[in-house]
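See below for the structure under consideration.
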Ligand code: GDP
């Protein structure tokens, strides 16, 4: 049996080891990569991934084209899914920020307030955008606003869709394909000069394209360092139900075995956790926390499970002084956030697996 080395669709070298990387085939005797297969047979795109540096390097020429950039971020991990190097990538091209997964926000919120919060945060991070729209690609909420923004800012340009992994880029693009593209034309892949990277191009009615780019991997997100099974547990399925804990100083909360929150000093006060319902929160005394973790990680304190805990990086500490009179969240990238009371002030310590980003920010909600 003859083994084929290169995909007969896009020409990429075939491999059977990593389904997220280019050229993946599930069986050794396939002649077309899984990505091309899906495009060809289902008119459906699927994700491939790159590290940020490689992404910016490979796609740096986009700055020299006349395009519109659609930057998708995840409202559940806003700071974790922001592409901070975006400016270098887009050049003078306009960028629209699409804030996805708004279905996860607690019910009955004022979305305009959230929108203002997003705009302010984006500005603080130096992410320059001409428009911000919020939507849920999965639940089809606010999608018409995405289309309106595209129509308004496109002015005959190609649209480059960029985002960190897992923000819902594929879901959103597949919705665009179903609802708005000219499906008489097949999706095509086009090779980038001088690279092995090929991009999926979705034809629009005016002869321009929506271009899908690889998802950017940020290892500073909890979602990137855990197993697929645990990922399901920490990803909320429905709108978040805030869990409020009244704590005395020297009390600790465990979020499974993935993170730990120590209320080190301050008067009794409430802390509100916005995390998936499937993550078990355990309250204990600070004195007992180290021992409990050693004895119960992967068991009572789960996720992760007993096997997965072995490959979790050791926890490291991040200390914060929460001042009085400011509404602040502590975001644990990918896991969720803890809203602190603004009336009392506190000293807290967050323990997370080494490398996971922890951010103190103005409260979102
Ligand atoms: P990609 O890696 O950026 O291409 O993301 P995917 O489209 O594969 O989506 C990643 C995960 O997020 C999947 O589990 C999707 O079901 C989920 N997802 C995508 N869009 C939404 C959304 O609007 N709301 C919610 N709650 N989940 C979403």
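The values are calculated or read from the model by the stated rules, or taken from the named source; none is laboratory data. Predicted model, so just to flag it, every value in this text is computed and none were measured. Positions of Cβ are generated from backbone atoms using ideal geometry, with glycine treated the same way; all protein chains shown enter the neighbour counts.
Determine whether the stretch 301-320 contains at least one residue that is over 25 Å from the mean Cα position of the chain (by Cα) and surrounded by 16 or more Cβ atoms within 10 Å (Cβ to Cβ). Scanning the stretch 301-320, I find no residue that is over 25 Å from the mean Cα position of the chain (by Cα) and surrounded by 16 or more Cβ atoms within 10 Å (Cβ to Cβ), so the answer is no. Inside the stretch 150-169, residues that are near the ligand (Cβ under 10 Å from one of its atoms) and surrounded by fewer than 20 Cβ atoms within 10 Å (Cβ to Cβ) make up a count of 0.
When the stretch 332-356 is filtered for residues that are part of a strand (DSSP E or B) and either free of Cβ contacts under 8 Å to residues at least 60 places away in the same chain or farther than 21 Å from residue 302 by Cβ (or both), the ones remaining, listed by number, are 339, 340, 346, 347, 348, 349. Against the criterion of being more than 30 Å from residue 337 (Cβ to Cβ), within 24 Å of the chain's Cα centre (by Cα) and modelled with pLDDT of 85 or more, residue 93 qualifies. Only one of the numbered conditions (1) out of contact with any helix residue (DSSP H, G or I) (no Cβ under 9 Å at 6 or more places or on another chain); (2) surrounded by fewer than 16 Cβ atoms within 10 Å (Cβ to Cβ) is not met by residue 293, and that is (2).
Every residue in the stretch 137-149 that is within 16 Å of the ligand (Cβ to nearest atom), outside any loop (DSSP other than H, G, I, E, B) and surrounded by fewer than 17 Cβ atoms within 10 Å (Cβ to Cβ), please.
Initial filter on the stretch 137-149 (within 16 Å of the ligand (Cβ to nearest atom)): 137-147.
Subset that is outside any loop (DSSP other than H, G, I, E, B): 141, 143-147.
Correct list: 141, 144, 145, 147.
The condition (being assigned by TED's automatic domain parsing to the domain that holds residue 202, over 21 Å from the mean Cα position of the chain (by Cα) and under 30 Å from residue 355 (Cβ atoms)) is satisfied by just one residue among 81, 60, 144: 60. Meeting the requirement of 2 or more residues that are under 30 Å from residue 136 (Cβ atoms) and touching a strand residue (DSSP E or B) at 6+ places or on another chain (Cβ under 9 Å), the strands (runs of 3 or more DSSP E) wholly within the stretch 239-330 are 243-247, 251-255, 259-265, 269-275. One residue stands out among those in the stretch 200-233 that are assigned to a loop (DSSP other than H, G, I, E, B) and touching a strand residue (DSSP E or B) at 6+ places or on another chain (Cβ under 7 Å): the one that is farthest from residue 67 (Cα to Cα), which is 218.
Name the strands (runs of 3 or more DSSP E) wholly inside the stretch 24-136 in which the number of residues that are farther than 21 Å from residue 213 by Cβ is 1 or more.
On the way: elements: 49-51, 67-74, 95-100, 131-134.
Those strands (runs of 3 or more DSSP E) span 131-134.
Checked against the criterion of being touching a helix residue (DSSP H, G or I) at 6+ places or on another chain (Cβ under 8 Å), within 15 Å of the ligand (Cβ to nearest atom), closer than 21 Å to residue 154 by Cα and in the same structural domain as residue 172 (by TED's automatic domain parsing), the candidates 72, 96, 48 yield just one match: 72.
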